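Data block below; observations after.
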Amino acid sequence: MLELRGVSHRYGNVLAVDQVSLTVASGEFFTLLGPSGCGKTTLLRLIAGFEQPSEGRILLDGKDLAGVPPERRPVHTVFQSYALFPHLTVAENIAFPLRMARLPAARSKERVREQLAAVRLEGLAERYPAALSGGQRQRVALARALANRPRILLLDEPLAALDLKLREQLQLELIRLQRSLGITFIYVTHDQGEALALSHRVGVMCGGRLVQVDRPAELYARPRNRFVANFIGRCNLLEARVSGRVNGHLVLGIPGLPPVSVPAEGNLEVGELGVLALRPEHIRLQPARAGEQELSGLIQGHLFLGATSLYQVELVNGMRLDVQVAGGHGEVVLEPGTPVRLSWPLQAGRFLRE
Ligand SMILES: Nc1ncnc2c1ncn2[C@@H]1O[C@H](COP(=O)(O)OP(=O)(O)OP(=O)(O)O)[C@@H](O)[C@H]1O
Ligand SMILES: [Mg+2]
């Protein structure tokens, strides 16, 4: 439905968006995820029509949007700051775009009522924005943006200003709203947890480029490079070199450690440099079973995280690994200096060359 073909954008000599190609399907909840300054907002502004691409094309249903002004695109934007009209009530704020679209008054009134119900703000129709909480204001902004049923809703960190509990509550409401209205959402965040929780697919950005686009589970299980592995969840990365292939697995050499095998993927050559990527929750601190990948080390420290515990373990070559174990509270705590054996299923390791 929405297609970006080789889109780049420069501000003077800052290349904010670099050759982004992407297709977003109708009804999809698509998230752009990346650190501050990677070009997320710029990409949204290009889709909304507030900026023109320096290169490339943006198509909606196969039609080029070049030259179509923002107000003529079937696209609405919700920003981080609420941007409500302070002198209008909640109901008047939501009715504003309907008035612009010249919807008959009776129809508009009905729509405002529906929108208030959709964001669960019945009863607050006559309040002014100043008399609302942050979460309520952001719900009004959402109701207003959805009032005249855009094809695409762009959301730029809409929950960033809210506290954790409220953010989680609104995340659930966003999912419910998006699924029930079937409107395409393009959501921007630098919070990886939020991206994984909300989205059908996530595009990870770094330095203006789109480095990986995948479903959340895929992104977590099969990060394409170090940047993605590090940015999505916690990941151990150990410098390694491909030293051979055995039984269809790659054997990695890591200085000072016994060989480690990982699943073979792609066309990797012996001698290639990269990293062994290993999630902390895939490592066990018990004695290894036959046929498993195994290393030994010394416990350095322990962090109780609530549902889990995180141990830092120093390997015999001085490299450190994070190991996440279930429970923690009430479990035996391994004291610093305790020798341990680490093991993980071979399939859990990955070799990344970038
Ligand atoms: N109007 C502007 N003029 C010049 N440079 C700009 C302008 N707007 C953004 N930039 C630069 O373009 C790059 C991308 O900015 P952008 O706002 O798209 O990042 P972002 O991913 O949204 O970051 P954040 O998470 O902090 O909001 C940054 O290097 C930024 O400094
Ligand atoms: Mg931004």
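No lab work stands behind these numbers, since they all come straight from the coordinates. No experiment lies behind these values; they were computed from the predicted model shown. Cβ sites come from the backbone with ideal geometry, for glycine too, and all protein chains shown count toward neighbours.
Worth pointing out:
- Residues located in the stretch 33-74, provided they are among the acidic types (Asp, Glu) and farther than 26 Å from ASP214 by Cα: GLU51, GLU71
- Screening the stretch 58-80 for residues that are of a type outside the set (A, V, I, L, M, F, W, C) and touching a Leu at 6+ places or on another chain (Cβ under 8 Å) and picking the one that is farthest from ligand 1 (Cβ to nearest atom) gives PRO74.
- The criterion of being surrounded by fewer than 13 Cβ atoms within 10 Å (Cβ to Cβ) and polar (S, T, N, Q) does not hold for SER108.
- Subset of the stretch 19-52 [assigned to a strand (DSSP E or B) and either under 19 Å from the mean Cα position of the chain (by Cα) or within 13 Å of ligand 2 (Cβ to nearest atom) (or both)]: VAL20, SER21, LEU22, THR23, VAL24, PHE29, PHE30, THR31, LEU32, LEU33
- Scanning the stretch 234-276 for residues that are touching a residue at least 40 places away in the same chain (Cβ under 8 Å) and among the polar types (S, T, N, Q) gives ASN236, SER261.
- Unique residue being in contact with a helix residue (DSSP H, G or I) (Cβ under 6 Å, 6 or more places away or on another chain), under 17 Å from ASP64 (Cα atoms) and hydrophobic (A, V, I, L, M, F, W, C) when the list is ALA48, ALA25: ALA48
- Selection within the stretch 27-51 - more than 13 Å from ligand 1 (Cβ to nearest atom), of a type outside the set (Asp, Glu) and at negative phi: PHE29, PHE30
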